[in-house]
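These notes are about the structure you will find just below.
The values are calculated or read from the model by the stated rules, or taken from the named source; none is laboratory data. What you see is a predicted model, and the numbers here were worked out from it, not measured in a lab. Here Cβ is always computed from backbone atoms with ideal geometry, including for glycine, and neighbour counts include all displayed protein chains. Surface areas here come from the heavy atoms of the whole protein model, side chains and all, with no ligands, DNA or RNA. Shrake-Rupley method; radii C 1.70, N 1.55, O 1.52, S 1.80 Å.
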Amino acid sequence: MKKRSIILISILLLCLLFLASLAFGRFNVPLGEVVRILVDRITPLEQTWADTMETAVLNIRLPRIILAIMVGCSLSAAGAAYQGVFQNPMASPDLLGASSGACFGAALAIVLDVPRGMVAVFAFVCSFLTIMLVSAVGKHIRGSRIVNLILAGMMVSSLFSAATSYLKLAADPYEELPAITYWLMGGLSGTAMKDVGFALIPMLIGWLVLLLLRWRINVLTVGEEEAMTMGLNTHRIRAFVILASTLLTAASVSVSGMIGWVGLVIPHLCRKLVGNDYRYLMPLSMACGGIFLLLVDNLARNLIATEFPVGILTAFVGAPFFLFLMTRKGGNT
Amino acid sequence: MSLSVQNISFSYGSNQVLQDISFEINKGEFWAVIGPNGVGKSTLFRCILGLLQPAKGSITIDGRDINTMSRKVLAQRIAYIPQIHRPVFGYTVRDTVLMGTTRYLSAFEQPKAAQVEKANSVLRMLEMEDIAEKNYAALSGGQQQMVLIARALAQDAEILVMDEPTSALDYGNQMKILALLRTLAQRGYSVVVSTHNPQHALDFSEKTLALAPDKSSVQGRAEAVIDKELMKRLYNMEVEFVSAGGRKILVPQYREDGGYVHIPMGK
């Protein structure tokens with residue numbers, strides 16, 4: 001099959017899944033009514049649905065579904081980008097510590113008892129500062145730039161994890177500690193449109209930069225010096241890719257907590273489908289990341305009577321799926 | 001076109017590898033760089049490619065210092081053909097060659113029809129169209145090296161630099177690659193290769209630069225430069241030369257009893 005058609009099919013699938021997810025849930029809304037409710041927002045239709053349906057679809061399901069797609073898309077794109085610039089198929093978006101930074105920020109915000117809306121802001125800022133710190137530390141180690149960044153990432157990451165543990169220790173065990181723990185588990189329940197709005201700008205920038213640089217990422221994968229001799233300013237390109245991936249990861253983690261495996265599993269699935277060429281791999285990873293997280297989040301909100309943290313489910317689904325991908329014969333990687 | 005290396009020196013910390021090296025490569029010349037392991041052949045190449053900054057001296061192309069050129073401008077003048085190595089991510093042969101055209105693109109651009117046509121024309125010229133859709137990682141060593149040459153040709157630079165092109169290849173492929181490089185030189189490319197086999201320099205190159213462990217260097221026509229005394233200085237080897245088919249053939253002398261070569265664990 002042509003690579004372009006695989007991407008088109010994945011986007012089509014995402015759109016269908018989007019509509020189906022709006023209809024899917026404990027409170028039943030027929031698919032036809034979902035479409036009518038959505039169309040009604042653009043051109044008013046005669047109301048054939050109950051008001052409760054409109055509330056469920058527009059106020060509860062829609063923001064959460066949009067955010068699931070955005071976060072899945074971002075984590076997957078960031079993972080694919082990191083694998084390219086670090087020439088390492090095992091890289092994932094939390095490689096440099098963006099996630100640990102965000103977790104520390106969120107825990108700090110909860111312990112400091114800041115307004116609930118500010119938790120995401122704290123997480124985002126801390127995540128970003130972590131990557132700045134990692135780049136600054138990485139520059140001062142001697143030897144290969146790439147290995148240094150990864151080492152600095154491991155170091156800073158573990159420092160922030162320890163700091164988060166300390167905050168948990170110091171937190172009030174009845175209110176703050178459970179809040180931190182649930183936040184860290186990752187989940188999309190209770191998503192409102194303002195969460196979507198908060199994450200939208202950094203994510204749009206991140207997606208755009210990664211899509212535009214996708215050919216350069218191809219050239220970077222052959223190695224630092226070879227890429228330089230082909231006319232690439234490798235330091236600058238890598239800095240841009242890391243910055244864009246950090247925007248995506250920081251925005252994702254700050255609105256949804258720790259959601260693992262998406263950034264590792266989905267790019268690998270896409271490599272099997274279209275090969276390693278980022279001209280196709282990047283857009284396909286984005287679409288499939290959205291599909292994957294939306295599917296898993298549908299499970300998370302409907303599997304059992306209470307809400308299931310989606311971060312746990314992505315690991316339950318992602319880890320065996322990754323094993324299946326890696327042990328299967330054939331493929332391009 | 002001329003690439004001029006003037007009095008360059010380079011050290012890794014306190015370990016000096018290049019000292020006062022000068023030479024000039026003109027259009028259509030085929031240069032071989034010989035010398036023992038660790039003498040600085042790769043370092044010299046990395047300086048020429050702008051990957052390392054020599055402590056002293058200058059490297060200019062048509063009078064312009066390469067340090068004043070951006071990566072993109074330098075890539076228009078010099079292309080590097082690396083040794084084959086296992087890639088982390090495999091690409092098709094066509095896409096690998098297409099990477100060579102990156103210097104035509106601005107940072108946010110993807111290759112367009114003109115670049116794809118450039119890659120295709122190089123593949124046609126090297127008679128590699130039949131493997132164009134194969135995965136680079138799945139090719140034989142000889143084919144992989146051809147792909148990397150194709151990638152450098154797609155870059156459209158007039159100087160080709162190749163570090164030990166033959167070290168990972170079998171005998172037939174070594175000859176094929178070197179003969180191809182010589183043909184490219186005859187077509188107007190300036191080619192610089194390093195090699196561990198002085199016979200390759202005799203067979204293929206016009207000019208030879210020899211780097212000796214004592215930091216001295218000699219250069220000139222291959223037949224003139226490569227002699228008994230140089231082989232002793234470079235490799236601590238006794239050699240004889242014979243003439244066959246109008247070529248100067250190097251015959252290494254291995255006799256232990258004559259003490260020509262020191263062999264550990266020998267008598």
> Got a sec? Which residues of segment A:198-216 lose 40 Å² or more of accessible surface with every protein chain in place, vs. that chain alone, 1.4 Å probe?
Replying inline: A:212, A:215, A:216
> For segment A:224-239, what does the Karplus curve 6.51 cos²θ - 1.76 cosθ + 1.60, with θ = phi - 60°, yield as ³J(HN,Hα) per residue in whole Hz, taken in order and with x for Gly and Pro?
Replying inline: 3, 6, 4, 4, 4, 5, 8, x, 8, 8, 4, 4, 5, 4, 5, 4
> Heavy-atom accessible area of residue A:270 with all protein chains present, probe 1.4 Å, nearest 10 Å²?
Replying inline: 0
> Mind checking Rg over Rh on segment B:2-222, alpha carbons, Kirkwood formula for Rh?
Replying inline: 0.96
>> Need one number: buried accessible surface between chains B and A, 1.4 Å probe, both sides summed, DNA, RNA and ligands left out, in Å² to 100.
In response: 2700
> What is segment A:140-226 by shape, rounded, prolate or oblate, if you read a ≥ b ≥ c off the alpha carbon gyration tensor as root eigenvalues and call it rounded for a/c under 1.5, prolate for a/b larger than b/c, and oblate otherwise?
Replying inline: oblate
> Counting only the heavy atoms of the protein chains, how much of residue A:52 is accessible to a 1.4 Å probe, in Å² to the nearest 10?
Replying inline: 80
> Can you list the trypsin sites (Lys or Arg not before Pro) in segment B:32-122 that are in a DSSP coil and have 11 or fewer other beta carbons within 10 angstrom?
Replying inline: B:112
>> Counting only GluC sites (Glu not before Pro) that sit in a DSSP loop (anything but H, G, I, E, B) with at most 11 other Cβ atoms within 10 Å, what is the longest stretch of chain A containing none of them?
In response: A:176-333
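Quick one: grab the alpha carbon gyration tensor of segment A:1-157, order the square roots of its eigenvalues as a ≥ b ≥ c, and give me rounded if a/c is under 1.5, else prolate or oblate depending on whether a/b is larger than b/c.
Verdict is oblate for segment A:1-157.
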> segment A:261-309: which residues show an accessible-area loss of 50 Å² or more, assembly versus chain alone, 1.4 Å probe?
Replying inline: A:276, A:279
> Taking chain A as a Gaussian network, Cα atoms linked when under 10 Å apart, which of A:261, A:49, A:215 shows the biggest mean-square fluctuation?
Replying inline: A:49
> How much net charge surrounds residue A:288 when only the other residues with a Cβ under 14 Å from the Cβ of residue A:288 are counted, with Lys and Arg +1 and Asp and Glu -1?
Replying inline: +3
> What part of the accessible area of segment B:35-145, given as a whole %, is carbon or sulfur when the probe is 1.4 angstrom?
Replying inline: 50
> Just how far, in whole angstrom, is segment B:72-107 from segment B:166-212 if you go by their alpha carbon centroids?
Replying inline: 21
> Direction-averaged shadow area of the convex hull around the Cα atoms of segment B:1-128, nm²?
Replying inline: 10.2
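For a distance above 13 Å, tell me the whole-number percent of Cα pairs in segment A:277-332 that qualify. Intermediate results must be reported in sequence, preceding the final value.
On the way: 1057 of 1540 pairs.
The proportion of pairs with Cα distances above 13 Å equals 69 percent.
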>> How much accessible area per residue does chain B have, counting only protein heavy atoms and a probe of 1.4 Å, in square angstrom?
In response: 45
> Under the rule of -39500 (n - 2.57) per DSSP H run of 4 or more residues, summed and divided by the residues of chain B, what mean residue ellipticity at 222 nm is obtained, to the nearest 500 deg cm²/dmol?
Replying inline: -9000 deg cm²/dmol
> What ranking of A:121, B:193 comes out by heavy-atom accessible area, probe 1.4 Å, highest first?
Replying inline: A:121, B:193
> Of all accessible surface on chain A at a 1.4 Å probe, what whole percent is carbon and sulfur?
Replying inline: 70
> What base-10 log of the normalised intensity I(q)/I(0) is obtained for segment A:62-327 from the Debye formula, alpha carbons as equal point scatterers, at q = 0.07, 0.09, 0.10 Å⁻¹?
Replying inline: -0.23, -0.38, -0.47
>> Please list, in order along segment A:289-296, the HN-Hα scalar couplings obtained from phi with the Karplus expression 6.51 cos²θ - 1.76 cosθ + 1.60 (θ = phi - 60°), rounded to whole Hz, x for Gly and Pro.
In response: x, x, 4, 4, 5, 5, 4, 5
> In whole Å, what is the distance between the alpha-carbon centres of segment A:195-215 and segment A:66-111?
Replying inline: 13
> In Å², what does the accessible area per residue of chain A work out to with a 1.4 Å probe?
Replying inline: 43
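List the relative contact order of segment A:62-327 as a percent without decimals, with contacts defined as Cα pairs under 8 Å and 6+ residues apart. Please report the intermediate quantities before stating the final value.
Values: 433 pairs, mean separation 89.9, N = 266.
This gives 34 percent for segment A:62-327.
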>> To the nearest 20 Debye, how big is the dipole of the protein assembly as shown about its Cα centre, given +1 on the beta carbon of each Lys and Arg and -1 on that of each Asp and Glu?
In response: 540
> For residue A:236, what is the net charge nearby, where nearby means another residue's Cβ is under 12 Å from its Cβ and Lys, Arg count +1, Asp, Glu -1?
Replying inline: +4
> Across segment B:180-191, in residue order, what do the Karplus-derived ³J(HN,Hα) couplings come to in whole Hz, using 6.51 cos²θ - 1.76 cosθ + 1.60 with θ = phi - 60° and x for Gly and Pro?
Replying inline: 5, 4, 5, 4, 4, 5, 5, 7, x, 6, 9, 10
>> Whole angstrom only: what separates the Cα centroid of segment B:1-70 from the Cα centroid of segment B:145-159?
In response: 20
>> Given an 8 Å cut-off on Cα distances and at least 6 residues of separation, report the relative contact order of chain B as a percent.
In response: 23
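In deg cm²/dmol, rounded to 500, what helix-only [θ] at 222 nm does chain A give when every DSSP H run of at least 4 residues adds -39500 (n - 2.57) and the total is split over its residues? Each step should come with its number before you reach the end.
Numbers: 15 runs with 245 residues, N = 333.
Value at 222 nm, helices only, nearest 500: -24500 deg cm²/dmol.
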> Using the Cα atoms of the protein assembly as shown to build a convex hull, what is its mean projected area in square nanometres?
Replying inline: 34.6
